[in-house]
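Undergrad: Could you have a look at this structure, given as structure tokens, before my questions?
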Amino acid sequence: MAMIEQFSVRTEWTGNRGTGTSNYRAYGREHVISAAGKSAEIPGASAPVFRGDAARYNPEELLVAAASACHMLSFLHVCADAGIAVTAYHDEASCTVRVHRDGSGEVERIVLHPVVELTDETRRPELDALHHRAHELCFIARSLACPVEFEL
């Protein structure tokens with residue numbers, strides 16, 4: 001039987017500049033994402049190309065971050081199960097977004113670039129298969145309509 005978990009966040013728009021959404025240029029795209037019991041809020045906005053604040057996280061970056069973090073956590077899990085000691089991991093992940101003339105769009109693909117350090121370099125040849133297994137386990141990658149790929 002499958003286990004069901006629920007995760008909740010609060011997204012609060014903070015970009016009302018006095019007249020709300022009276023016109024497209026009248027309001028800010030700023031918002032704050034929070035969750036009960038968390039130590040920090042996430043400052044959000046739309047991407048600058050959509051009139052947002054470059055200093056804040058945009059939904060596209062948060063989607064890429066979720067895919068990257070989920071893959072990393074799944075990868076660390078499968079490495080631990082395989083007896084491979086990972087000592088460092090980082091990823092320079094990105095996504096490609098297609099924007100249509102009507103303002104709609106979609107994330108076309110997410111690409112992860114994980115870099116892994118091991119205590120035993122003789123185990124490195126096993127990492128490709130472990131990345132594939134991590135991808136199969138990743139909740140986020142399994143839930144997205146766009147492909148999540150990784151380049152080693």
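The values are calculated or read from the model by the stated rules, or taken from the named source; none is laboratory data. All values reported here derive from a predicted model rather than from experimental measurement. Every residue, glycine as well, gets a Cβ built from its backbone with ideal geometry; the counts of neighbours run over all protein chains shown.
Undergrad: Quick check on my filter: what residues within the range 141-152 are closer than 13 Å to Leu63 by Cβ and buried (at least 19 other Cβ atoms within 10 Å of the Cβ)?
TA: Answer for the range 141-152, where residues must be closer than 13 Å to Leu63 by Cβ and buried (at least 19 other Cβ atoms within 10 Å of the Cβ): Ala141, Val148.
Undergrad: Let me ask another. Any idea how many residues of the range 132-152 are closer than 18 Å to Tyr89 by Cα, without any contact (Cβ under 8 Å) to a residue 60 or more places away in the chain and not in a loop (DSSP other than H, G, I, E, B)?
TA: Total meeting the criteria: 3.
Undergrad: Quick check, is Glu126 in the same structural domain as His71 (by TED's automatic domain parsing), more than 20 Å from the chain's Cα centre (by Cα), acidic (Asp, Glu) and surrounded by 11 or more Cβ atoms within 10 Å (Cβ to Cβ)?
TA: Taking the combined requirement at face value, the residue satisfies it.
Undergrad: Condition first: closer than 17 Å to Leu152 by Cα, more than 19 Å from the chain's Cα centre (by Cα) and modelled with pLDDT of 95 or more. Can you find one or more residues in the range 109-118 that meet it?
TA: yes
Undergrad: Can you tell which of Arg29, Arg51 is of a type outside the set (S, T, N, Q), modelled with pLDDT under 95 and either more than 23 Å from Leu112 (Cα to Cα) or within 19 Å of the chain's Cα centre (by Cα) (or both)?
TA: Just a single option satisfies the conditions, and that option is Arg51.
Undergrad: Could you please give the count of residues in the range 70-100 that are assigned to a loop (DSSP other than H, G, I, E, B) and either touching a residue at least 40 places away in the same chain (Cβ under 8 Å) or basic (Lys, Arg) (or both)?
TA: Qualifying residue count for the region: 1.
Undergrad: Return only the number of the condition from (1) within 30 Å of Pro43 (Cα to Cα); (2) modelled with pLDDT of 95 or more that Phe150 does not satisfy.
TA: All conditions are met except number (2).
Undergrad: I would also like to ask the following. Give the range 41-69 a look and list any residue that's part of a helix (DSSP H, G or I) and in contact with a strand residue (DSSP E or B) (Cβ under 9 Å, 6 or more places away or on another chain), or say none.
TA: Once the filter is applied, which keeps residues that are part of a helix (DSSP H, G or I) and in contact with a strand residue (DSSP E or B) (Cβ under 9 Å, 6 or more places away or on another chain), the range 41-69 yields Val49, Phe50, Pro59, Glu60, Glu61, Leu62, Leu63, Val64, Ala65, Ala67, Ser68, Ala69.
Undergrad: Could you list all residues from the range 77-123 that are closer than 18 Å to Ala65 by Cα, crowded, with 16+ Cβ neighbours inside 10 Å and either touching a Cys at 6+ places or on another chain (Cβ under 7 Å) or polar (S, T, N, Q) (or both)?
TA: Result: Val107, Ile110.
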